[in-house]
Amino acid sequence: MFRFTLVASQFKQYDSTDYGHKIRSTIKQWTGIPVSIGIADTKTLAKIANKIAKKSVKAEGVLNLTASPYLNSALEITEVGDVWGIGRSYSRFLNNYGIHNALQLRDADDKFIKKKMGITGVRLLQELRGVSCYALEHSPSPKKGITVSRTFKNSIESMDELKEAIAAYASIGAEKLRKERSFAGVMMVFLMTNRFKKENYYVNIKTIRLPIATSDTSELIRYAHEGLKGIYRKGHLYKKAGVMFKHLNPENQIQADLFHYKDFKRSKKLMQTLDNINKKMGSDTLKYAATGLSNNQRWKTVFKRRSPSYTTNWDQLLKVS
């Protein structure tokens, strides 16, 4: 079951409870996935409402605590450890001082909470009292790094096979960068053998500072191969490899380099074409030859127990006869 939290101030033009039931029934009808919805004046209260809605038969999956006469009861049945932002250590600490549920926490002394939990604790009290301290996020915050790595089914020694694997991981990472509308300034390539075999254990990582930040697949494959050459040691059986992208910057804030010319418009147009074709025709319809042409590559991950993608893949739609 999925859970939704709605801040009531964002839905003033609707009856919040009816709107919550509409969301729930639409998702159920379209995807078959049950969801629970909590509605309140702050994010913390909405998360509490959501948790109760999931378990309450009476709520029917939707609980609205906005100006509700049941707010105190909801807080009283919510253990303090279940309040958003309260971890295990704070939960034990508060229990030692007689604070066992969200209602007792809401009514706790401000000075005591500030002394023991700092400004975060004060904001938590305000949230429980209906004063919003955490703004609603309309989109996920930009990622600080992207990692693509896999553990091989069979250990690999061949440099050619490792180059294919690293090229494939660089391609996946480049696509993720473009979805984020970001360019990477630093690439890291790593290799490791089986960590459970200590007698011949080897792990190494190569950091490459890119002359110009990029999300161009061909460039990233080239730099990834350079990094791989620097850390590859013949005679080892490698069990895992991967690439990491750091120093991510928005694509519209990239500084060109006087000594490294790059046609940004051509690169962007080429990558957009690549992504559009793969999105329309299926993943890897177009790919770089460096990732290998065989369908029996030993470094590829084998998925034997993956659940079918009934709601996101046309080829896996449930057939009823």
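The values are calculated or read from the model by the stated rules, or taken from the named source; none is laboratory data. These numbers were taken from a predicted model, which means no experiment stands behind them. Note: ideal-geometry Cβ built from the backbone for every residue, glycine included; neighbour counts use all protein chains shown. Note: areas computed on protein heavy atoms with side chains; ligands, DNA, RNA excluded. Shrake-Rupley method; radii C 1.70, N 1.55, O 1.52, S 1.80 Å.
Of all the residues that make up the range 154-191, how many are more than 25 Å from the chain's Cα centre (by Cα) and either in a helix (DSSP H, G or I) or not acidic (Asp, Glu) (or both)? Residues that pass the stated criteria total 10. Within the range 83-131, the set of residues being more than 20 Å from Ile52 (Cβ to Cβ) and assigned to a loop (DSSP other than H, G, I, E, B) comprises Gly87, Tyr97, Gly98, Ala108, Asp109, Val131.
Report whether or not Ala53 is over 24 Å from Arg24 (Cα atoms) and surrounded by 19 or more Cβ atoms within 10 Å (Cβ to Cβ). If you could, list the steps in order and put the result at the bottom.
Details: over 24 Å from Arg24 (Cα atoms): no; surrounded by 19 or more Cβ atoms within 10 Å (Cβ to Cβ): yes.
It is false that Ala53 is over 24 Å from Arg24 (Cα atoms) and surrounded by 19 or more Cβ atoms within 10 Å (Cβ to Cβ).
In the range 254-271 there is no residue that is of a type in the set (S, T, N, Q) and either touching a Phe, Trp or Tyr at 6+ places or on another chain (Cβ under 7 Å) or assigned to a strand (DSSP E or B) (or both).
With respect to Lys262, determine if the residue is of a type in the set (Lys, Arg), surrounded by 13 or more Cβ atoms within 10 Å (Cβ to Cβ) and in contact with a Gly (Cβ under 9 Å, 6 or more places away or on another chain). First the steps, then the outcome.
Working: of a type in the set (Lys, Arg): yes; surrounded by 13 or more Cβ atoms within 10 Å (Cβ to Cβ): yes; in contact with a Gly (Cβ under 9 Å, 6 or more places away or on another chain): no.
For Lys262, the condition - of a type in the set (Lys, Arg), surrounded by 13 or more Cβ atoms within 10 Å (Cβ to Cβ) and in contact with a Gly (Cβ under 9 Å, 6 or more places away or on another chain) - is not met.
Of all residue pairs spaced 6 or more apart or on separate chains, those with beta-carbon atoms under 8 Å, a first member in the range 222-248 that is among the β-branched types (Val, Ile, Thr) and a second member that is open to solvent by 80 Å² or more (accessible area, probe 1.4 Å) are Ile231/Lys206. From the list Ser171, Ser182, Ser155, which one is in contact with a Phe, Trp or Tyr (Cβ under 9 Å, 6 or more places away or on another chain), at pLDDT 95 or above and of a type in the set (Ser, Thr, Tyr)? After ruling out the rest, the residue left standing is Ser171.
Against the definition (more than 19 Å from Ser132 (Cα to Cα) and either touching a Lys or Arg at 6+ places or on another chain (Cβ under 6 Å) or assigned to a strand (DSSP E or B) (or both)), how does Ser36 come out, yes or no?
Working: more than 19 Å from Ser132 (Cα to Cα): yes; either touching a Lys or Arg at 6+ places or on another chain (Cβ under 6 Å) or assigned to a strand (DSSP E or B) (or both): yes.
Yes; evaluated as a whole, the condition is true for this residue.
Within the range 295-319, residues that are more than 17 Å from Tyr169 (Cα to Cα) have Cβ atoms under 7 Å from residues that are aromatic (Phe, Trp, Tyr) and open to solvent by 90 Å² or more (accessible area, probe 1.4 Å) in these pairs: Gln316/Tyr310; Leu317/Tyr310; Leu318/Tyr310, counting only partners at least 6 apart in sequence or on another chain.
Within the range 204-241, the set of residues being of a type in the set (Gly, Ala, Ser), in contact with a helix residue (DSSP H, G or I) (Cβ under 6 Å, 6 or more places away or on another chain) and under 9 Å from Phe190 (Cα atoms) comprises Ala241 only.
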